[in-house]
Amino acid sequence: MVLDYGTQISFEPIRLAVGTIRKPTLRDISKISFAKFQLFESILRLQPQDFFENDKVDNSIKEFWDKLSEEEKSQITMYSILLIDEQMARLFTEALDFFFEEDVSFEEDMFIMQKQGEIVGYVDEKIFMPVVETIQQICGIYEMKRSDLGKITFKNKGAEKLYERLLKGKKKFKKQQEKEKKNNKDYTLPNIISAVANRHPSLNYTNIFDITVFQLLDAFQRIYNNEVQDISARSVSVWGDEKKKFDGGLWHKNIYDKDEILI
């Protein structure tokens with residue numbers, strides 16, 4: 001389920017059949033610590049390959065992974081990993097408990113949602129990833145898939161193959177980019193809060209902790225876009241726009257929702 005822009009920027013929680021996912025504010029996050037929240041984001045984005053190739057796992061686990069064929073590796077899911085790894089199950093339970101309004105526990109190979117001691121829903125292997133991806137979107141860390149990009153019309157088979165190659169390359173590049181970002185202190189949540197609070201026309205340290213993570217990241221991106229717009233506008237005002245490349249409406253472009261794509 002891909003959330004639209006309006007749903008993302010609102011404060012309203014996401015109501016699912018199994019429970020209700022809240023959109024934590026920066027104040028909520030500060031109460032558990034930004035380091036803890038970063039840990040939650042890390043495990044929510046974790047892929048099976050990342051787990052098995054981690055330097056901290058036992059050599060026997062790595063050897064098991066290395067012996068598998070590519071097809072066998074593709075069959076392993078994060079849910080199957082948490083079924084055999086107690087620590088991973090505990091971390092996911094803690095993360096889901098933070099995001100769900102209900103109390104979350106992990107029992108008998110599934111997550112159980114309870115409200116005032118009454119069971120209201122279950123998260124099993126079938127709906128685990130849709131739930132995780134919904135939370136990823138709330139945090140602004142969801143990686144768009146081809147199926148999320150709306151209707152894609154290819155002019156021919158060659159264009160489709162080229163698109164698949166570009167998508168594969170983009171994922172590899174983005175993974176490397178995210179790895180670099182993880183080690184870049186400029187993109188830590190506290191630093192983004194500080195940057196927005198000191199640059200935004202109305203958000204400041206008094207009120208910024210009352211907005212959600214997505215609202216913060218959205219404001220951060222908008223500020224960046226507006227800075228680019230202002231620089232371009234000044235350049236055009238001095239040197240002109242001979243090639244007609246200046247877009248005066250850049251400041252209000254939709255940077256989230258995706259429409260039909262023709263390739």
Among the residues of segment 128-137, is any out of contact with any Pro (no Cβ under 6 Å at 6 or more places or on another chain), touching a residue at least 12 places away in the same chain (Cβ under 8 Å), more than 30 Å from Gln215 (Cβ to Cβ) and open to solvent by 60 Å² or more (accessible area, probe 1.4 Å)? no
Test: residue in segment 57-70 that is in contact with a strand residue (DSSP E or B) (Cβ under 9 Å, 6 or more places away or on another chain) and either among the β-branched types (Val, Ile, Thr) or over 22 Å from Gln137 (Cα atoms) (or both): no
Given the residues Tyr142, Tyr122, Tyr79, which is the only one that is part of a loop (DSSP other than H, G, I, E, B), among the hydroxyl-bearing types (Ser, Thr, Tyr) and surrounded by 14 or more Cβ atoms within 10 Å (Cβ to Cβ)? Tyr142
Could you check, for segment 39-55, whether at least one of its residues is modelled with pLDDT under 90 and exposed (fewer than 12 other Cβ atoms within 10 Å of the Cβ)? yes
Would it be correct to say that Gln176 is under 19 Å from Gln221 (Cβ atoms), within 18 Å of the chain's Cα centre (by Cα) and either modelled with pLDDT of 85 or more or not hydroxyl-bearing (Ser, Thr, Tyr) (or both)? no
When every residue in segment 1-29 that is in a helix (DSSP H, G or I) and open to solvent by 50 Å² or more (accessible area, probe 1.4 Å) is compared, the one modelled with the highest pLDDT is Arg27
Lone qualifier among Glu86, Glu108, Glu63 - being at pLDDT below 90, over 24 Å from the mean Cα position of the chain (by Cα) and farther than 22 Å from Gly19 by Cβ: Glu63
If you scan segment 30-59, which residues turn out to be outside any loop (DSSP other than H, G, I, E, B), hydrophobic (A, V, I, L, M, F, W, C) and within 28 Å of Ile119 (Cβ to Cβ)? Ile32, Phe37, Leu39, Phe40, Ile43, Leu44
Matching residues, segment 78-103, being touching a strand residue (DSSP E or B) at 6+ places or on another chain (Cβ under 7 Å), over 19 Å from Pro13 (Cβ atoms) and aliphatic (A, V, I, L, M): Ala89
Selected residue [out of contact with any Gly (no Cβ under 8 Å at 6 or more places or on another chain) and either modelled with pLDDT of 75 or more or under 25 Å from Lys23 (Cβ atoms) (or both)] from Leu250, Leu216, Leu262: Leu216
Would you check if Gly158 is at pLDDT below 95, closer than 30 Å to Leu217 by Cα and open to solvent by less than 70 Å² (accessible area, probe 1.4 Å)? no
Cβ pairs under 9 Å, 6+ apart, first in segment 56-68 and closer than 17 Å to Ser80 by Cα and surrounded by 10 or more Cβ atoms within 10 Å (Cβ to Cβ), second among the polar types (S, T, N, Q) and at pLDDT 85 or above: Trp65/Gln49; Leu68/Gln75
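The values are calculated or read from the model by the stated rules, or taken from the named source; none is laboratory data. Only a predicted model underlies this, so the values are computations on that prediction, with no experimental measurement involved. Heads up, the Cβs are rebuilt from the backbone with ideal geometry, glycines too, and the neighbour counts pull from every protein chain shown. Ligands, DNA and RNA are excluded from the accessible area calculation, which covers all protein heavy atoms including side chains. Shrake-Rupley method; radii C 1.70, N 1.55, O 1.52, S 1.80 Å.
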